[in-house]
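One structure below.
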Amino acid sequence: KRGGIYDVIVAPAWRGRGVGQALARLVLDHPALRATATVMLGTRDAQGFYARLGFGDRRVVEEPFRPWPTTEMVLTRDR
């Protein structure tokens, strides 16, 4: 199984308070994803944030339909 995270957005006034981490953990611990061995995501500027949550294997992708490069990351869990 594979899962994916598309956007975790926190309002600037709430950043740095653990809200993004709480949201990401809530999603990753959800029963629909808990048993998923691979979770993929794409991020423009939060590579460090997702690395702290265990995501790795970074690959920068520049595709014609995006005005900015995206870094694809993956979280692999032993199952």
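Figures for the structure shown
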item	result
Value at 222 nm in deg cm²/dmol, rounded to 500, when DSSP H runs of n ≥ 4 in the chain each add -39,500 (n - 2.57)	-6000 deg cm²/dmol
Options [x] 84; [y] 170; [z] 101 - which one matches volume of the Cα convex hull per residue in Å³ as calculated here	[z]
Among Ala35, Ala13, Ala22: highest mean-square fluctuation, GNM of the chain, C-alpha pairs under 10 Å	Ala13
Surface per residue (accessible, 1.4 Å probe) for the chain, Å²	72
Placed amide H near Gly3: partners under 5 Å, 5+ positions off or other chain	Thr38, Val39, Met40
Projected label distance in nm at Met40 and Leu26, using a 7 Å step from Cα toward the beta-carbon	2.6
Residue among Pro69, Pro12, Pro31 with the largest mean-square fluctuation in a Gaussian network model of the chain, springs linking Cα atoms under 10 Å	Pro12
Accessible surface of the chain, 1.4 Å probe, proportion on carbon and sulfur as whole %	53
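The values are calculated or read from the model by the stated rules, or taken from the named source; none is laboratory data. A quick note: this is a predicted structure, and the numbers were derived from the prediction, not measured. Reconstructed Cβ throughout: ideal geometry from the backbone, glycine too, with neighbour counts over all protein chains shown. Note: areas computed on protein heavy atoms with side chains; ligands, DNA, RNA excluded. Shrake-Rupley method; radii C 1.70, N 1.55, O 1.52, S 1.80 Å.
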